[in-house]
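Data block below; observations after.
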Amino acid sequence: MKPNLKVSAAVAAILSAPTTAIVFAAPAETGTAADTGLQEVIVTAQRREESLQNVPITIQALTGDTLTKLNVTTFDDYVKYLPNVTSQGLGPGQNNIYMRGLSTAVGALQGSGVVGAFPNVAVYLDDQSAQLPGRNLDIYAADLERIEVLEGPQGTLFGAGAQAGVVRYITNKPKLDKVEANATAGYATTAHGDPSNMLEATLNLPVIADKFALRAVVYNDSRGGYINNIPGTFVRRNTDLGIHYAYAGGQVPANSVVINNGLITGKAINPVVYKGIRVSGLVAFNDDWNLLVAQSYQNMQADGVFAEMRTDSLGQPQPSYSVQLYNPSFTKDKFTNTSWTLSGRISALKAVYTGGYLVRNVDQAQDYTNYARGPYVDYYQCNNPSYYAPGGPNPALAYCQTPSATWRDTERNTHISHEFRLSTPDDWRIRAIGGLFYENYRIGEIVDWNYLTDYAGFHPIGPPTGYFADAAGNVIQPSGAQAGRPYRFNSPGVHFVASGVPDVNDPNNRPPSVGFFDDIKRGYTQKAIFGSVDVDLIPKALTLTAGTRYYRIDSTEKGAVAGSFGCKLLFHPTAPNPCINHSNDTNIDSLGLDKLYTGFKSRANLTWHILPDVLAYYTWSQGFRSGGFNRPNSVTAGPLKGIFLPPVSFRPDTLTNNELGWKSEWADHRVQFNGAIYQEDWKDAQISVFDPGITGNLTFTTNGGKYRVRGLETTLAARVTRELTVTAGAAWNHTELVEEAAIAGLNGQPINWATVVPGKPLTNPAGVKGDPLAGAPRFQANARARYEFMLGDYEAFLQLAGLYTGHQFSSTDKLTKDLQGNSIAYDNPSYSTYDAAVGVSRDAWTVTVYDVNLTDKKADLYANARQWYKAVTINRPRTIGLTFNYRFSGK
């Protein structure tokens, strides 16, 4: 086959251009003059190719053409166009995704991989699951066929991770019969920040006509930062919790180190870069059988932080778009994915075998200096030998080293999955699909908390080399105030059992700055059998669908937790190395953390085609997600000491959905009006709790009560005239806790949170009856209009979009307070933003000018105090950009 010189020259020019050059972007596929109806969208939400208008579940689909028109390429770009989908998090690739308001309290990002709850919204890259607690896989939307968003439980066809819904990234596949080239380049400025530039190029090449084709896409998107690290000085205060209780009169020791951040201040410290490539090959063996293999790689690096410091650790307001960091912060997030799909026919049945191997590596560091205001940290940073001074205490001998601190989190996540399914022809009156599924999922995570600055006062810590047991061989204490906890080195009547270093990621001692670390391996194997049957009770009018999934999930956790607490040299001057097999070390291997979850989750639909283009449906569906384990944790101080112990494990939670919906087209397919009314009951909702003064000094996950969501959502699309298209969507949700969780104390009876502390009523951390869910705005809406017209010999367009999100809470946990005593269930106010774009195209070229966040509105997306100050994740300021694009397609 002769090479196409135009294609070769264009692709070579694009790929050799510097990344700072102004780039070319994929043009919007505008309709021809004869087009008067809305474009049909084909989806595979039920593992079959169907028109979106015929699928009896709530689906939002952003086609590749729509993504181009909206100028969106990342999760943060497009999520705002999805009513009933929200996210809470700390930046790119650090979000929890929620649908229909099904969100509770979430823990800190550090350590979330092994102690956090699994997401209840699944993310798929084609057929490969990509879940990771606390960290969405932020797939760059290059050369995508569409993004499918399936709302409501999807457990029957997509398994445990799809409790509340699924986000599916569907890539473009190689085409056997045509050459395609597409190049996009752009440059943008950001208010209050630095400029951005991007480059993307795609090539589809039939190597052997109708037999073998290759497709490749490469991209590099560099986005300027907009948050400034302003000058600051960190001085210990008498009000710091550690100082307040540890020193006579609550006075900061005179010989205490003061630091400033002069070496790392700067403007726009949070740039993010996406780099990646995806190559796929399609082989057609004959008319029935083909093999698709794809290899994806993406490297995302985000420097700094994406949450401004609304108030510092002393509660003082700070300037907009600013933080005071004392150490460099960054996130490096890489993934590779290899996938394969063999498709064909066995007699009349369609057969599909698909598999994948995904590896994701995350390396993140963040400043943690404000932890010095919290409780207990004086133990690791200060020394008070005055208690042992000749003649009695001498406060002048006390001192505090630098408060500078960081944490470092490294994660390696792997998914290996296989699925085989058979389906009958789509035109049969009784249609069926069934299959087998297997997944091996593993996380290895190390979190080092580098807050120990009194180096001379401690030996390095490392993983234990065994465990402690009583005379009967029990590893877990069977009775007493610590019942259910592992035995420690100082528990009465124990002996040490040398079993070797547990199954950790790094068996070595930590650097002297590490005061505490997690080194844990978590994982599960999932096996499932699923099936679904459609029966046309009345052909083309009334269809009954029923499906179920039997699952077997075996979850395990191994590794070690170790800290320096209890082994300070001041109190153990002769110990050669008091921080191994000492303190609060836990050999997790010895606890036998292994849980097996089995059961069925099902779905039923009744679909009625009232008219050929109007259908109504009723859906009943179930969803679930797996349980997990906590780091063993004791309450060593506060009102719950001897009363409550955080659970070692937490149970699965379940979701039941009842939904009435409709899908309709009118005016000769020029108007679509879809919607649904639903009630979802969420039982044993998993929540995260962290209140050092009350529930223990480690974050843990437990099961809350029963929440109920009642809602309505609608979407409207209309081709008003040949030139004007209008789309809109809205969602209303009422969420509330309908059954309060009975969190039990050591005696097995529920804790009365109102009376456990005399004169100081506490709030149940799982919420009280009537409380709303977090991340659940009462109302969301968006609308956009696009006007396409001829301007001489050019095709031109104007586009305007408006988006609204109601107020929402950051957490359901009203027990935990920040350093100023405020509930961390922060109320994030409502906001509206606007986007606009204009452009012209001729032949294969398109030029677009766009303005995202037209009014430069600063919106509070999520607020938290996990780094010991009020941090508020905000949206990107106004961004004005220019893109150029070139597209070629031919035989």
query = Which of the listed residues, Leu861, Trp753, Ile880, is farthest toward the dipole's positive end in segment 753-891, when Lys, Arg count +1 and Asp, Glu count -1 at the beta-carbon?
reply = Trp753
ask   = In whole Hz, what ³J(HN,Hα) sequence does segment 744-751 give by Karplus (6.51, -1.76, 1.60; θ = phi - 60°), x for Gly and Pro?
value = 8, x, 5, 8, x, 8, x, 6
task = Might you report the magnitude of the Cβ-based charge dipole of the chain about its Cα centre, with Lys and Arg at +1 and Asp and Glu at -1, to the nearest 20 debye?
result = 580
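Remind me, relative contact order of the chain in percent, using alpha carbon pairs under 8 angstrom and six or more residues apart? Walk me through the intermediate numbers first.
On the way: 2604 pairs, mean separation 117.2, N = 891.
Relative contact order here is 13 percent.
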ask   = Can you give the translational diffusion coefficient of segment 831-891 in µm²/s, computed by Stokes-Einstein from the Kirkwood radius over Cα pairs at 4 °C and 1.567 mPa s?
value = 89
task = In whole angstrom, note down how far apart the Cα centers of segment 404-476 and segment 850-881 are.
result = 32
request  = Kindly write out, for segment 465-482 in residue order, the coupling ³J(HN,Hα) from the Karplus curve 6.51 cos²θ - 1.76 cosθ + 1.60 (θ = phi - 60°), rounded to whole Hz, with x marking Gly and Pro.
outcome  = 10, x, 7, 9, 9, 8, 4, 8, x, 6, 8, 9, 5, x, 8, x, 5, 9
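Starting from the Kirkwood Rh over alpha-carbon pairs, what translational D in µm² s⁻¹ does segment 61-114 have by Stokes-Einstein at 25 °C and 0.890 mPa s? Write out the running numbers ahead of the final one.
Values: Rh = 12.7 Å.
Answer, rounded: 193 µm²/s.
Taking the Cα centre of segment 57-133 as origin, work out the dipole magnitude from +1 charges on Lys and Arg Cβ and -1 charges on Asp and Glu Cβ, in debye rounded to 20. Mind showing how you got there, number by number?
On the way: 3 positive and 5 negative charges, 51 e Å.
The dipole of segment 57-133 has a size of about 240 debye.
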note = Heavy-atom accessible area with a 1.4 angstrom probe orders Arg408, Arg100, Arg719, Arg429, most exposed first, as Arg429, Arg408, Arg719, Arg100
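Under the √(5λ) rule applied to the eigenvalues of the Cα gyration tensor, what semi-axes describe the equivalent ellipsoid of segment 175-260? Give them in Å, descending. It would help to have the intermediate numbers written out before the result.
On the way: eigenvalues 753, 66, 13 Å².
Listed largest to smallest, the semi-axes of segment 175-260 are 61, 18, 8 Å.
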request  = Please give the length that would be gained between Val535 and Leu606 if that part of the chain were fully extended, namely 0.36 nm times their separation in residues minus their C-alpha to C-alpha distance (nm, one decimal).
outcome  = 24.6 nm
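Please compute, over every Cα-Cα pair in segment 485-598, the percentage with a separation greater than 16 angstrom. Numbers along the way, then the final one.
Working: 4671 of 6441 pairs.
Summing the P(r) of segment 485-598 above 16 Å gives 73 percent of all pairs.
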Amide N of segment 587-627 lying under 17 Å from the label point, which is placed 7 angstrom from the Cα of Ile430 along Cα→Cβ = none
task = Kindly provide the pair-distance distribution of segment 399-488 built from C-alpha pairs, with 10 Å bins from 0 and whole-percent values in order of increasing distance.
result = 11, 17, 20, 22, 12, 10, 7, 2, 0
request  = Taking the dipole about the Cα centre of the chain, with the C-beta of Lys and Arg at +1 and of Asp and Glu at -1, give me whichever of Val648, Trp666, Gly628 is farthest to the positive side.
outcome  = Val648
query = Can you give the relative contact order of segment 734-773 as a percent, counting alpha carbon pairs under 8 Å and 6+ residues apart?
reply = 55
message = Once each part is reduced to its C-alpha centroid, what is the distance from segment 113-135 to segment 546-600 in angstrom?
response = 22
ask   = Ranked highest first by the average count of other Cβ atoms within 10 Å around their residues, in what order do 853-859, 347-353, 307-313 fall?
value = 307-313, 853-859, 347-353
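When the accessible area of the chain is split by element with a 1.4 Å probe, what percent falls to carbon and sulfur?
Details: 20040 of 34430 Å².
Roughly 58 percent of what the probe reaches on the chain is carbon or sulfur.
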key: Candidate lysines - alpha carbon under 18 Å from Lys173, same-chain residues fewer than 8 apart omitted   = Lys211, Lys891
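Residues of the chain: accessible area per residue at 1.4 Å, in Å²? Provide the component values of the computation, followed by the final result.
Working: 34430 Å² over 891 residues.
Here the residues of the chain average 39 Å² of exposed surface.
Can you pull a Stokes-Einstein diffusion coefficient for segment 465-549 at 37 °C (0.692 mPa s), Rh from Kirkwood over Cα pairs, as a whole number of µm²/s?
On the way: Rh = 18.5 Å.
Rounded to a whole number, D works out at 177 µm²/s.
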ask   = Mind checking the log10 I(q)/I(0) for segment 806-860 at q = 0.24 Å⁻¹? Debye, one equal scatterer per Cα, no solvent, two decimals.
value = -0.92
task = Calculate the dipole size of segment 307-432 relative to its Cα centre from +1 charges on Lys and Arg beta carbons and -1 charges on Asp and Glu beta carbons; express the result in debye to the nearest 20.
result = 660
ask   = Is any residue of segment 493-507 close enough, with backbone N under 12 Å, to a label point placed 7 angstrom from the Cα of Asn577 along the Cα-Cβ axis, and if so, which?
value = 501
Qualifying GluC sites (Glu not before Pro) for segment 46-148 [loop in DSSP, other Cβ within 10 Å: at most 16] = Glu49
ask   = With each label point set 7 Å from Cα along the Cα-Cβ vector, what nm distance links Asn474 and Thr763?
value = 3.7
inquiry  = Give me the base-10 log of I(q)/I(0) for segment 321-384 at each q in 0.14, 0.17, 0.26 Å⁻¹, Debye formula, one uniform scatterer per Cα, rounded to two decimals.
reply    = -0.70, -0.83, -1.09
request  = State which entries of Lys69/Lys175; Lys350/Lys540; Lys760/Lys870; Lys527/Lys769; Lys334/Lys601 exceed 29 angstrom in Cα-Cα distance in the structure shown.
outcome  = Lys527/Lys769; Lys334/Lys601
query = Using all Cα-Cα distances in segment 742-811, what percent lands in each 5 angstrom bin from 0 up to the longest?
reply = 3, 11, 12, 11, 9, 8, 7, 6, 6, 5, 4, 4, 4, 3, 3, 2, 0
request  = May I ask you to list the residues of segment 401-437 whose amide nitrogen lies under 14 Å from a point 7 Å from Cα along the Cα→beta-carbon direction of Ala348?
outcome  = 423-433
inquiry  = Return the Rg/Rh ratio of segment 644-726 with Cα-based radii and a Kirkwood Rh.
reply    = 1.33
note = Scoring segment 557-694 by relative contact order with C-alpha pairs under 8 Å, at least six apart, yields a percentage of 19
task = Work out the charge dipole of the chain with +1 on the Cβ of Lys and Arg and -1 on the Cβ of Asp and Glu about the Cα centre, then indicate which of Gly696, Gly152, Ser87 is farthest towards its positive end.
result = Gly696
query = Can you give me the Cα centroid spacing of segment 203-238 and segment 829-845 in angstrom?
reply = 21
remark   = One can check that the equivalent ellipsoid of segment 250-341, built from the alpha-carbon gyration tensor with semi-axes equal to the square roots of five times its eigenvalues, has lengths in Å, largest first, of 51, 13, 12
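Computed from the mean reciprocal separation of all distinct C-alpha pairs, what Kirkwood hydrodynamic radius does segment 566-689 have, in Å? Can you show the working numbers first?
On the way: mean 1/r = 0.0491 Å⁻¹.
Radius from the Kirkwood sum: 20.4 Å.
Please give the calculated 222 nm ellipticity per residue for the chain, where each DSSP H segment of at least 4 residues contributes -39500 (n - 2.57) and the sum is spread over every residue; nearest 500 deg cm²/dmol? Walk me through the intermediate numbers first.
Numbers: 7 runs with 41 residues, N = 891.
After summing the helix terms and dividing by the residues of the chain, the value is -1000 deg cm²/dmol.
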task = Starting at the first residue of segment 173-184, write each ³J(HN,Hα) from the Karplus equation 6.51 cos²θ - 1.76 cosθ + 1.60 with θ = phi - 60°, in whole Hz, x for Gly and Pro.
result = 9, x, 10, 7, 10, 8, 8, 10, 9, 8, 9, 9
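The values are calculated or read from the model by the stated rules, or taken from the named source; none is laboratory data. Quick caveat: nothing in here was measured; it's all calculated off a predicted structure. Positions of Cβ are generated from backbone atoms using ideal geometry, with glycine treated the same way; all protein chains shown enter the neighbour counts. Ligands, DNA and RNA are excluded from the accessible area calculation, which covers all protein heavy atoms including side chains. Shrake-Rupley method; radii C 1.70, N 1.55, O 1.52, S 1.80 Å.
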